[in-house]
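To start, the structure itself, in structure tokens.
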Amino acid sequence: MSSISGSKVKKLVVACEAGMGSSVMIAKQLARQLKAQGIEVTHAPVNQLADSHPDVVLCHRGLGGRAKQAMPDTPVVVFDMFLGDPSIQAVVDAILNGDNISDD
Amino acid sequence: MTNFLQLAGIRLGATASSREEAVRLCGELLHTLGAVNQQYIDAMWERENIISSYMGEQVALPHGTDDSRKHVNFAQLVFVRFSEPVDWDGEAVKLCIGIAAKGDEHGELLGNLAEKLLDKNSYKTLMETTSTTELLELINV
């Protein structure tokens with residue numbers, strides 16, 4: 001289990017397989033929502049996650065195991081739905097409110 | 001802005017008896033438009049088997065693998081709406097937006113698309129309108 005205070009998050013990375021579809025869509029939505037906070041949101045293939053130095057990783061449940069293996073010390077938040085998933089919204093809220101984000 | 005979706009990339013009232021057929025239909029259309037090589041179509045099905053491209057709200061976004069970017073000639077979207085829902089590993093899909101991209105050039109468009117899928121009025125247009133002009137205007141913004 002890893003955790004970080006939402007107030008310390010500077011970079012969110014959406015992990016993906018190809019980085020062509022859904023992860024791009026989510027990264028763009030989050031970038032817009034968190035623009036005012038100056039938070040960088042990008043996407044990266046799961047095998048290149050370490051190179052992108054994320055504070056928090058978001059990924060689909062199907063990739064969760066691989067993402068956690070790549071980033072054992074970083075919170076990896078998994079989601080099930082690409083559109084309107086409550087786990088994604090919870091990360092946004094935690095960043096805005098300075099609450100804790102963890103992957104337990 | 002570049003028109004990632006063109007009139008020839010829209011199919012309304014399409015039919016597919018399986019998820020694979022639906023994904024390959026999107027791939028064939030991208031290939032017909034010259035946006036991808038034949039190999040990309042197989043890569044789309046390969047990607048679909050790694051993780052489903054189902055997004056929610058009866059929409060799927062099939063596209064290739066990271067490795068298959070080399071088979072992309074130019075970034076392009078296709079809009080394929082089915083007359084009957086396609087079984088997508090237990091989910092029902094009525095709209096496929098097939099994607100081909102070399103990099104992140106289509107990122108802003110996908111961000112806009114997400115907002116449109118979550119907005120009731122534009123969602124209804126995407127799922128129901130028979131006006132291809134309306135679809136082009138909605139997506140290519």
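Hey, among the residues in the range A:65-87 that are modelled with pLDDT of 90 or more and within 11 Å of chain B (Cβ to nearest Cβ), which one's surrounded by the most Cβ atoms within 10 Å (Cβ to Cβ)?
Here is the first cut: in the range A:65-87, the ones modelled with pLDDT of 90 or more are A:65-79, A:86-87.
Filter once more, so that each one left must be within 11 Å of chain B (Cβ to nearest Cβ): A:66, A:79.
Numbers: A:R66: 16, A:F79: 20.
Only one residue fits best here, namely A:F79.
Would you mind finding the one in B:S68, B:S52 that is more than 18 Å from B:T15 (Cα to Cα), under 15 Å from the mean Cα position of the chain (by Cα) and of a type in the set (G, A, S)? Before you say what the answer is, go through the steps one by one.
On the way: B:S68 fails: under 15 Å from the mean Cα position of the chain (by Cα).
Only one candidate passes the filter, namely B:S52.
For the range A:34-51, how many residues meet the condition of being in contact (Cβ under 8 Å) with a residue 40 or more places away in the chain and either in a loop (DSSP other than H, G, I, E, B) or buried (at least 17 other Cβ atoms within 10 Å of the Cβ) (or both)?
2
Applying the selection to the range A:52-64, what residues are outside any strand (DSSP E or B) and buried (at least 20 other Cβ atoms within 10 Å of the Cβ)? Don't jump to the end; show me each part of the working.
We begin by selecting, within the range A:52-64, every residue outside any strand (DSSP E or B); these are A:52-55, A:61-64.
Residues satisfying the conditions are A:P54, A:L63.
Could we say that A:A31 is of a type in the set (A, V, I, L, M), surrounded by fewer than 20 Cβ atoms within 10 Å (Cβ to Cβ) and under 21 Å from B:E105 (Cβ atoms) here?
Working: of a type in the set (A, V, I, L, M): yes; surrounded by fewer than 20 Cβ atoms within 10 Å (Cβ to Cβ): yes; under 21 Å from B:E105 (Cβ atoms): yes.
Criteria met by A:A31.
Looking at the range B:120-136, can you tell me whether even one residue there is of a type in the set (D, E, K, R) and within 14 Å of chain A (Cβ to nearest Cβ)? Before the answer, list the steps.
Looking only at the range B:120-136, we keep the residues that are of a type in the set (D, E, K, R), and these are B:120, B:124, B:128, B:134.
Next, only the ones that are within 14 Å of chain A (Cβ to nearest Cβ) stay: B:120.
Yes, some residue in the range B:120-136 is of a type in the set (D, E, K, R) and within 14 Å of chain A (Cβ to nearest Cβ).
Residues of the range A:19-41 being closer than 21 Å to A:G84 by Cβ, more than 8 Å from every other protein chain (Cβ to nearest Cβ), under 13 Å from the mean Cα position of the chain (by Cα) and at pLDDT 90 or above, which ones?
A:L30, A:L34, A:I39, A:V41 - these are the residues of the range A:19-41 that are closer than 21 Å to A:G84 by Cβ, more than 8 Å from every other protein chain (Cβ to nearest Cβ), under 13 Å from the mean Cα position of the chain (by Cα) and at pLDDT 90 or above.
Among the listed residues B:S52, B:S17, identify the single one that is assigned to a loop (DSSP other than H, G, I, E, B) and away from chain A (no Cβ under 14 Å). Step through it out loud before you land on a result.
On the way: B:S52 fails: away from chain A (no Cβ under 14 Å).
Every option except B:S17 fails the conditions.
Identify, please: which residue in the range B:57-97 is surrounded by 20 or more Cβ atoms within 10 Å (Cβ to Cβ) and aromatic (F, W, Y) and is, among those, farthest from the other protein chains (Cβ to nearest Cβ)?
Ranking the candidates gives B:F82 first.
Would you be able to say whether some residue in the range B:84-97 is under 15 Å from B:L12 (Cβ atoms), touching a Leu at 6+ places or on another chain (Cβ under 6 Å) and not in a helix (DSSP H, G or I)?
Checking the range B:84-97: at least one residue is under 15 Å from B:L12 (Cβ atoms), touching a Leu at 6+ places or on another chain (Cβ under 6 Å) and not in a helix (DSSP H, G or I).
Filter the range B:98-112 down to residues that are in contact (Cβ under 8 Å) with a residue 60 or more places away in the chain, assigned to a strand (DSSP E or B) and hydrophobic (A, V, I, L, M, F, W, C), then give me how many there are.
Summing the residues that are in contact (Cβ under 8 Å) with a residue 60 or more places away in the chain, assigned to a strand (DSSP E or B) and hydrophobic (A, V, I, L, M, F, W, C) in the range B:98-112 gives 1.
For the range B:34-55, enumerate the residues that are more than 15 Å from B:L77 (Cβ to Cβ), of a type outside the set (D, E, K, R) and touching a Gly at 6+ places or on another chain (Cβ under 6 Å). Steps first, please.
If we filter the range B:34-55 for residues that are more than 15 Å from B:L77 (Cβ to Cβ), which is where we start, we get B:37-39, B:41-43, B:45-52, B:54.
Applying the additional criterion that residues be of a type outside the set (D, E, K, R) yields B:37-39, B:41, B:43, B:45, B:49-52, B:54.
Scanning the range B:34-55 gives B:I41, B:A43, B:I51.
The values are calculated or read from the model by the stated rules, or taken from the named source; none is laboratory data. Small disclaimer: the values here were computed from a predicted structure and weren't measured. So basically every Cβ, Gly included, is an ideal-geometry build from the backbone, and we count neighbours across all protein chains shown.
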